[in-house]
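Structure, as structure tokens:
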Amino acid sequence: MTEDLRAAATRHTAGLQAPEGLLLAEAGGIGFACARAPTPYVHALYRPLLCLVLQGAKDVTSGMQTWSFKAGETLIVGTDLAVSGRVRQASPTAPYLAVALDIDLQLLRELMSEIAARSPPQPVARVAVAETQVAVQDCVARLVRLVDTPDALAVLRPSILRELHYWLLRGPHGPMLRQLSLPDSHAARISRAVALLRADYARPLPVGRLAEAAGMSVSSFHAHFKAVTSLSPLQFQKRLRLVEARRRLHGERVAISEAAFDVGY
């Protein structure tokens, strides 16, 4: 199963180029990553996601915290989060390979109501690393196998994703995900403001409008936004613009001035 996932990550990133050395591709809603050498730290903005490392190792830093994860381990991110990441272990003969999928917080909420899962009473982490669950890897492998048959993927993907999220709730990351996915949690409220920023990052957005979307006062919103994402709202929007400009420069090969203009600079 792991060999099949490694082969898929290698195949989907073949022929790509990236100045930082980390090749990224997407197919069927699944992200594939490959690096044939260690890379420098690069800024990124994570959505709630899971990342299965198939080979090599990577470090991700947010604020004062660093998470290191390697082959056979899974990174779980439960909120929108500003990070800097680097591939720590990779070589031409044993490249860094990983597969990533978004976590659907709404689907987690639906499952929580069905299985009567309780959220922990105490605050939990936003990010966790643990040994990859066999059941989770099996779900991911089945999704990857369906990428080349779009008709089958369209029909079977919802049920496989539902199963995947069930195992996440039942696994070692379950308590974290249960609390972060609560509709009235600070993380869930901030995610509504982040959705506005992602949808309209090229234009200035009044903080009052973002706070209203989160259902918070402006002062409370500022504090909770930084606690959840590690950045202020303005810093987060600037990071969004930089990430999008970099994607356009390297993915669409547009001029620097055009990319800067399109993202609001």
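Label points 7 Å out from Cα along the Cβ direction at Val207 and Ser113: separation in nm?
3.5
Regarding the chain, what is the average projected area of its C-alpha convex hull, in nm²?
Values: hull surface 57.0 nm².
Result: 14.2 nm².
Provide Rg over Rh for the range 140-196; use the alpha carbon set for both Rg and the Kirkwood Rh (inverse mean inverse pair distance). Present the calculation step by step, with values, prior to reporting the outcome.
Details: Rg = 14.8 Å, Rh = 13.3 Å.
Result for the range 140-196 is an Rg/Rh of 1.12.
Rank the residues Thr93, Thr13, Thr149 as a footprinting-exposure proxy: fewest other Cβ atoms within 10 Å of their Cβ go first. Mind showing how you got there, number by number?
Working: Thr93 6, Thr13 20, Thr149 12.
Placing the least packed residue first, the sequence is Thr93, Thr149, Thr13.
Could you grab the relative contact order for the chain? Cα pairs under 8 Å, six or more apart, rounded to a whole percent.
That works out to 18 percent.
Fewest first, what order do Glu212, Glu131 take by the number of other Cβ atoms within 10 Å?
Glu131, Glu212
Volume per residue, Å³, of the convex hull around the alpha-carbon atoms of the range 95-187? Kindly include the intermediate steps, with their values, before the conclusion.
Values: hull volume 10.7 nm³, N = 93.
Spread over its residues, the Cα hull of the range 95-187 gives 115 Å³ apiece.
Using only DSSP helix segments of four residues or longer, with each worth -39500 (n - 2.57), what per-residue ellipticity at 222 nm results for the chain after dividing by its residue count and rounding to 500? Present the calculation step by step, with values, prior to reporting the outcome.
On the way: 10 runs with 120 residues, N = 265.
Helix-only estimate at 222 nm: -14000 deg cm²/dmol.
The range 14-74 to the range 148-181: how many Å between their Cα centroids?
Here the two parts' Cα centres lie 20 Å apart.
Output the relative contact order of the range 1-159, whole-number percent, from Cα pairs under 8 angstrom with separation of 6+ residues. Spell out each step's value before the answer.
On the way: 304 pairs, mean separation 40.6, N = 159.
Value for the range 1-159: 26 percent.
If the cut-off is 12 Å between C-alpha atoms, which aspartates and glutamates fall inside it for Lys70, apart from same-chain ones fewer than 8 positions away?
Result set, ordered by chain and number: Asp59, Glu131.
Percentage of Cα-Cα pair distances in the range 1-152 greater than 26 Å, rounded to whole percent?
Numbers: 2958 of 11476 pairs.
Percentage above 26 Å: 26.
Hey, fewest Cβ within 10 Å first, where do Cys34, Cys139 land in order?
Starting with the residue having the fewest Cβ neighbours, the order is Cys139, Cys34.
Coordinate-derived values only; no laboratory data. Here the structure is a predicted model, which means the values were calculated and not measured. As a convention, Cβ positions derive from the backbone with ideal geometry for all residues, glycine included, and neighbour counts pool all protein chains shown.
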